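Everything below concerns the one structure shown next.
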Amino acid sequence: MATDPPMATKSRPASSPSSPKPTSRKTPWPFFTVLLTVLSPVLVATLVFQLDSLEQANLPIHELTRPPLKALKKNDHMLQGSELVGFKQLIGPEDIAYDSNSGVIYTSCADGWVKRVTINDSVADTIVEGWVNAGGRPLVLALGHDNEVIVGDAYKGLLKISGEGKVELLADEAEGVKFKLTDAVDIAEGGTIYFTDASYKYNVLEFFWDFLEGKPYGRAMSYDPVTKETRVLAHDLYFANGVAVSPDQQYVVFCETLMRRCRKYYIQGKKKGSLETFIDNLPGLPDNIHHDGHGHYYIALSSGITVALDLALKHPFLRKLMGIYTKYIGEINVVKNSGVFIVDLEGKPTEHYYDPSLALISSGIKIGNHIYCGSVVSPYIVRLDVTKHPARATV
């Protein structure tokens with residue numbers, strides 16, 4: 001019987017060592033995807049940086065390169081042992097003025113109130129009274145010679161509040177330029193009022209942008225209550241801030257926050273009308289300054305010099321980056337070690353009270369054995385008994 005031939009089958013040739021192995025072609029897309037993922041944020045950030053309207057100026061950094069001054073004595077943890085006066089009854093009590101006749105502190109608050117605080121040995125016995133609501137943002141104040149209170153209101157300008165609580169506008173412009181941020185005030189024995197406009201471009205809610213831009217928009221001024229004339233004493237100041245008339249009435253000291261210095265303008269004598277440095281290279285950003293009546297100035301430092309703050313002051317592009325971050329992401333916290341720096345009448349440092357947890361301390365005065373510190377943001381006044389918690393020698 002015949003049989004069918006076997007069915008042919010297909011077979012693969014055996015591979016030999018010399019035969020090339022098949023390779024698969026990889027698509028180049030993953031590489032470009034990674035590249036775009038990395039570069040896109042950089043490109044977007046560069047575009048935002050270039051298109052952002054903020055124009056930063058170069059600060060005169062040759063004046064900011066020397067080491068910060070150090071006081072002979074310091075208390076670098078002043079919150080230890082401090083008491084909180086008027087807790088949650090005082091909203092942002094920036095400035096403090098003490099009436100020794102009545103034992104009452106006047107303070108300017110963020111909710112528009114000028115409040116009176118009756119102080120006692122015990123903080124628990126403190127009495128807080130809402131005296132006058134000026135309707136704006138009273139930043140600074142000084143007690144007048146006729147029972148009135150002179151107020152620098154950030155929005156309204158220079159105000160006078162009578163003993164009966166009547167509010168009167170004294171001035172809101174100089175040389176045809178409106179005040180944008182009335183920020184400090186003191187009164188000479190003859191009645192002339194000295195004050196500053198921190199910035200004629202930015203208001204109190206925009207003060208951070210004045211810092212970021214780094215241009216001198218501040219002015220120091222005087223107001224004569226008899227002639228009602230407002231004069232500009234000094235232009236082109238870097239955030240003009242606190243003001244204090246010297247005890248001998250020869251000059252006025254005012255602070256330039258961004259430049260970490262205080263300058264003095266002579267109002268009497270041979271140097272009348274001239275301007276010179278009182279103290280520079282401060283270990284922080286000065287806010288208000290007050291004379292204690294015993295040969296010392298108390299300079300509030302809203303922040304100590306942090307690494308971030310120091311770099312930002314010296315490098316405009318970093319300030320622009322901070323501005324972009326603030327605008328599109330959120331606020332940046334670069335402040336700490338706030339407190340009070342005390343100097344004598346020659347501007348020589350004597351004591352420094354501060355704390356790493358303190359920020360935006362805006363004023364400091366001495367009443368009895370206590371230092372009282374106001375703040376831009378805190379809901380209280382900080383009080384420290386310096387006999388129990390003194391500054392101690394640094395060497």
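What to note about this one:
- Criterion: at pLDDT 95 or above and either surrounded by fewer than 16 Cβ atoms within 10 Å (Cβ to Cβ) or at negative phi (or both) - qualifying residue of GLU213, GLU189, GLU206: GLU189
- The range 109-130 - residue that is polar (S, T, N, Q) and in contact with a Ser or Thr (Cβ under 9 Å, 6 or more places away or on another chain) and, of those, nearest to THR387 (Cα to Cα): ASN120
- Looking across the range 178-214, just one residue is under 20 Å from ARG260 (Cβ atoms), part of a loop (DSSP other than H, G, I, E, B), of a type outside the set (A, V, I, L, M, F, W, C) and in contact with a strand residue (DSSP E or B) (Cβ under 9 Å, 6 or more places away or on another chain), and that is SER199.
- Test for ILE61: is it more than 19 Å from the chain's Cα centre (by Cα) and among the β-branched types (Val, Ile, Thr): no
- Only one entry of VAL343, VAL382, VAL376 meets the criterion of being in contact (Cβ under 8 Å) with a residue 60 or more places away in the chain, more than 22 Å from LYS88 (Cβ to Cβ), aliphatic (A, V, I, L, M) and buried (at least 19 other Cβ atoms within 10 Å of the Cβ), and that entry is VAL343.
- Of the set (1) modelled with pLDDT under 90; (2) not in a helix (DSSP H, G or I), all apply to ALA110 but (1).
- Residue count, the range 123-154 (criterion: of a type in the set (Val, Ile, Thr) and within 14 Å of GLN89 (Cα to Cα)): 4
- Of the listed requirements (1) more than 22 Å from SER375 (Cβ to Cβ); (2) touching a Lys or Arg at 6+ places or on another chain (Cβ under 7 Å); (3) surrounded by fewer than 18 Cβ atoms within 10 Å (Cβ to Cβ), GLU129 misses just one: (1).
- Here ASP287 fulfils each of the conditions (1) surrounded by fewer than 19 Cβ atoms within 10 Å (Cβ to Cβ); (2) within 24 Å of PHE211 (Cα to Cα); (3) among the charged types (D, E, K, R) apart from (1).
- The single residue among HIS352, HIS296, HIS370 that is over 25 Å from GLU55 (Cα atoms) and free of Cβ contacts under 8 Å to residues at least 24 places away in the same chain turns out to be HIS370.
- The range 352-371, subset surrounded by 21 or more Cβ atoms within 10 Å (Cβ to Cβ) and among the aliphatic types (A, V, I, L, M), residue nearest to HIS290 (Cα to Cα): ILE365
- Residue match in the range 175-185 (condition: surrounded by 16 or more Cβ atoms within 10 Å (Cβ to Cβ) and touching a Cys at 6+ places or on another chain (Cβ under 7 Å)): no
- Of all residues in the range 326-342, those being closer than 26 Å to ASP292 by Cβ and either modelled with pLDDT under 85 or aliphatic (A, V, I, L, M) (or both) number 3.
- Selection count where residues are of a type in the set (D, E, K, R), assigned to a loop (DSSP other than H, G, I, E, B) and at pLDDT 95 or above, scope the range 54-105: 4
- Which numbered condition SER302 fails, given (1) in a loop (DSSP other than H, G, I, E, B); (2) surrounded by 14 or more Cβ atoms within 10 Å (Cβ to Cβ): (1)
- Filter result for ARG219 (closer than 21 Å to ILE267 by Cα, in a strand (DSSP E or B) and touching a His at 6+ places or on another chain (Cβ under 7 Å)): yes
- Residues of the range 311-326 satisfying the condition of being touching a residue at least 12 places away in the same chain (Cβ under 8 Å) and loosely packed, with under 13 Cβ neighbours inside 10 Å: PHE317
- Condition check for SER40 on (1) of a type in the set (Gly, Ala, Ser); (2) modelled with pLDDT of 90 or more; (3) not in a loop (DSSP other than H, G, I, E, B): one failure, at (2).
- Top-ranked residue in the range 234-271 [being outside any loop (DSSP other than H, G, I, E, B) and free of Cβ contacts under 8 Å to residues at least 40 places away in the same chain; ranked as surrounded by the fewest Cβ atoms within 10 Å (Cβ to Cβ)]: ASP236
- Whether a residue is touching a helix residue (DSSP H, G or I) at 6+ places or on another chain (Cβ under 7 Å) and either in contact (Cβ under 8 Å) with a residue 24 or more places away in the chain or not in a helix (DSSP H, G or I) (or both) was assessed, and ILE332 passes this test.
The values are calculated or read from the model by the stated rules, or taken from the named source; none is laboratory data. Treat the numbers as computed from the prediction; the structure is a model and nothing was measured. FYI the Cβ positions are ideal-geometry reconstructions off the backbone, even for glycines, and counts take in every protein chain you see.
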